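Read through the structure below, which is laid out as structure tokens, and then see the notes.
Bear in mind that the values in this text are calculations on the coordinates, not laboratory data. As the structure is a prediction and not an experimental result, all values here were calculated from the model. Heads up, the Cβs are rebuilt from the backbone with ideal geometry, glycines too, and the neighbour counts pull from every protein chain shown.
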Amino acid sequence: MLRPALLLLVLLYSVLALARFAGLWLDGGAQQTFNLYALLLEVLSAALTWWALRGVSH
């Protein structure tokens with residue numbers, strides 16, 4: 001039962017990080033709404049969740 005939850009977390013954090021990059025691109029690089037710390041947190045969370053998911057599946 002842990003695998004679907006981890007997969008959902010990977011998907012959620014990846015989409016959030018992608019949305020931040022898209023917001024930066026749509027903003028024209030002005031960085032008015034860009035938060036680097038939030039982006040780093042989302043990317044790190046997605047990576048750690050992916051690592052945990054790989055550990056559960058093995």
Q: Go ahead and estimate [θ] at 222 nm for the chain from helices alone: -39,500 (n - 2.57) per DSSP H run with n ≥ 4, summed, over the residue count, rounded to 500.
A: -28500 deg cm²/dmol
Q. Across the range 8-19, in residue order, what do the Karplus-derived ³J(HN,Hα) couplings come to in whole Hz, using 6.51 cos²θ - 1.76 cosθ + 1.60 with θ = phi - 60° and x for Gly and Pro?
A. 5, 5, 4, 4, 4, 5, 5, 5, 5, 5, 5, 5
Q) Summing +1 for each Lys or Arg and -1 for each Asp or Glu, what net charge is found among the other residues whose Cβ lies under 13 Å from the Cβ of Thr33? A) 0
